[in-house]
1. Could you tell me which residue of the stretch 607-622 is farthest from Thr688 (Cα to Cα), considering only residues that are of a type in the set (A, V, I, L, M, F, W, C) and either modelled with pLDDT of 95 or more or touching an Asp or Glu at 6+ places or on another chain (Cβ under 8 Å) (or both)?
2. With touching a strand residue (DSSP E or B) at 6+ places or on another chain (Cβ under 7 Å) and surrounded by 20 or more Cβ atoms within 10 Å (Cβ to Cβ) as the only criterion, which of Tyr82, Tyr105 stands out?
3. Are there any pairs with C-beta distances below 8 angstrom linking a residue in the stretch 611-622 that is surrounded by fewer than 20 Cβ atoms within 10 Å (Cβ to Cβ) to a residue that is in a strand (DSSP E or B) and basic (Lys, Arg), with the two at least 6 apart or on different chains, and if so which?
4. Only strands (runs of 3 or more DSSP E) wholly contained in the stretch 114-219 count here; list those with 1 or more residues that are among the aliphatic types (A, V, I, L, M) and closer than 24 Å to Lys354 by Cα.
5. Only residues that are among the basic types (Lys, Arg) and on the phi < 0 side of the Ramachandran plot: list them for the stretch 15-66, please.
6. In the stretch 536-561, what residues are crowded, with 17+ Cβ neighbours inside 10 Å, in contact with a strand residue (DSSP E or B) (Cβ under 8 Å, 6 or more places away or on another chain) and in a loop (DSSP other than H, G, I, E, B)?
7. Do any residues in the stretch 279-290 that are assigned by TED's automatic domain parsing to the domain that holds Ile269 have Cβ atoms under 7 Å from those of residues that are assigned to a helix (DSSP H, G or I), where the two are at least six apart or on different chains, and which pairs are they?
8. Restricting the stretch 300-317 to residues that are within 30 Å of Ser186 (Cα to Cα) and without any contact (Cβ under 8 Å) to a residue 40 or more places away in the chain, which is surrounded by the most Cβ atoms within 10 Å (Cβ to Cβ)?
Amino acid sequence: MTLLTPPPEGGRIIEEPLGEALSRRYLAYALSTITHRALPDVRDGLKPVHRRILYAMHEMRLNPQAAARKCAKVVGEVMGGYHPHGDASIYDALVRLAQDFSQRYPLVDGQGNFGNIDGDSAAAMRYTECKLTPAALYMLDGIEQDAVDFRPTYDDQDEEPVVLPAGFPNLLANGASGIAVGMATSIPPHNAGELIEGCLALIERPEITTRELMAHIPGPDFPTGGVSVEGEAGIFEAYETGKGGVRLRARWSVEDLGRGQWQIIVTEIPYQVQKGRLIEQLAELIESKKAPLLGDVRDESAEDIRLVLEPRARNVEAEVLMESLFRLSDLEVRFPVNITVLDESNRPGVLGLKACLQAFLNHRREVLVRRSQWRLERVRKRLHLLDGLKLIFLHLDEVIRIVREEEHPKAVLIARFNLSEVQADFILDTRLRQIARLEEMAIDKEHAELSSELAGLEALIGSQARQWKAVAAQLREVAKAIASPRRTDISGAIESVRAPVEAFVARETITVILSERGWIRAAKGRIEDASELRFKEGDKLAIHFVAETTDKLLLASSDGRIFTLGADKLPSGRGHGEPVRLMIDLDEGVEIVALVVHRHGGKLLLGSDAGYGFIAPENDLLASKRGGKQVLNGTLRVAIRAEGDHVATLGANGKALVFPLSELPEMARGKGVRLQMYLDGGLRDVTTFSAESGPEWVDGGGRRRQWLDWQQWLGRRAGAGKPAPRGLKRFR
């Protein structure tokens, strides 16, 4: 076996810290991803792969009037000449440029299966054909007239444009999305006509504000339509800062079927939502009973979208049904706005609406000046040649004699008529029969026209005001050609209909069962006889009551916290359920004091082991977190409904006290006030009752007994009370 010897010192081995080597190489990779792959240029709104596709198709002469070519041919040209990456990524980019549901203004005219809004992918590139659209021609207009810079391709065999001339603000018109290293971009599509109106307003008033621009550009205009319900304030923030979001809803209407029957028709769905996936999502909501107001969903789409949503019952309100579906499905989405782009110096940054339009206009002005200079040079050259031709007609016989007789006619012509070498070569290269056909008047006419054009070009290049006026005129011409009506409605006036809980949860009667060891479950229907319930060995019933799946449950723990449980989230009652500690963050050693159904507007009386308490509104006790809400400072002993007009307390010392309920304060959190005074021990139990019916208590045998002479224990809050009636150990 031959051992490889390392190269001598000073060879290819470089000694450097691993951290620095990795950092430098990762930075190079990150910069390459940001500048050459993921982020669009603010001037033409294109990523390198899209720019190379359009330029390659332009070089292949795939204009709208030409016949389409196989996409495989285009992909091969792009990959072989400009874009050294996989053919799949190039074809995917080409397909997106051709999809009218992805691009507001498609730049590729695709023939064949290029996918659909259902989510089906395009056919293989060997089956599909493509060519450029008229909108793409405006993106490339002037590219052969030195309008933009070119750079060598990856193999130095050819050149490619650094940026396209971009006749309209494609960055905002078609939008863009991409994920780079450490940054991402997400730009929604807009209406090109509105964008051009904004550009014209910016040319006229460079100091215009973003809010004033929104008079021309009210918001995004998605190719799939829909209704934007973000509101002016949200859109303004996105346009001002370059970051934000847009809420987009499906467009729907109610179709009357007669006899009180109706159905909802969805005709437009949010941008980038696959119709097939949306239907599956709605069907899953029906199957899982998460959308109990929705009865059925059907797809009756042909060329246009038509989704039929049937309500479960005719008494359902259409607005409530749709509001529930907006929350549960992709009938409403939030499209993020993050205008991260590359500027003219190839540096990434986040720009607002005005900055994007200004960068585009600056680019258009530069393109105009470069094209004008290109044309100026050619006009001057042609005028120079025409000046030479005019001399031919003045001295035609002498020119013919010199050509026939002189050994070096070019030098003689230059010396005799004071011509330049270019003029002399042009005269000598011109055939005699062509000269014979030339008319002096035609030459004079062309000379006059070019002289006038020359003066106009020189004036244009020398005047910035003329340049902006010309840019505005070009934009107006483009707007006439590609502008189209708005598809997405901007409706900030739409207010969300507050859907009741029933819109999201099927209302069913259940029996909530909690064991002494803290196992909870929900059995379907009403269970009146608790003796039928079965528990794990060594466990038994603690609490059970009837509720509905739409209810919220309040669980009080001995550490003074109140937890909120959804009745629809409880485990099935077929088994023993599951520990409630798995549903909430209940610490070990903390006991469950009470479990009740939340009542809107209801109140609970909370009492601590030390004999303090207060009235707590139930609406203030709801908690959205697993950790619950800390309500009582101390050890919670009792949590009961605050009903009636009196309170009866029982201390561990066997003394009872009755006082008016109005003496207790209403608080959302705290220690409370003293209920009963104790020299030793603490609070054992509390109850509330109405003076008309009187209180009840439970004796040792579990029988309920009426407390008839309770007035003898009536006093003021915080009193010591009197010895309780014989047998009174607890109220419940």
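1. Start the filter on the stretch 607-622 by keeping residues that are of a type in the set (A, V, I, L, M, F, W, C), which leaves 610, 614-616, 621-622.
Going one step further and asking which of them are either modelled with pLDDT of 95 or more or touching an Asp or Glu at 6+ places or on another chain (Cβ under 8 Å) (or both), we end up with 614-616.
Numbers: Phe614: 13, Ile615: 11, Ala616: 14 Å.
So the residue we want is Ala616.
2. On the way: Tyr105 fails: touching a strand residue (DSSP E or B) at 6+ places or on another chain (Cβ under 7 Å).
Criteria check complete, one pass: Tyr82.
3. Ile615/Lys603; Pro617/Lys603; Leu622/Lys552; Leu622/Lys629
4. By residue number, 176-179, 184-187.
5. Selection gives Arg24, Arg25, Arg37, Arg43, Lys47, Arg51, Arg52.
6. Result: Thr549, Asp551, Ser558, Asp559, Gly560.
7. Note: pairs meeting the criteria are Leu285/Leu328; Lys290/Leu328.
8. Top of the filtered list is Ser301.
The values are calculated or read from the model by the stated rules, or taken from the named source; none is laboratory data. Everything numeric here is computed off the predicted structure, so don't read it as measured data. Positions of Cβ are generated from backbone atoms using ideal geometry, with glycine treated the same way; all protein chains shown enter the neighbour counts.
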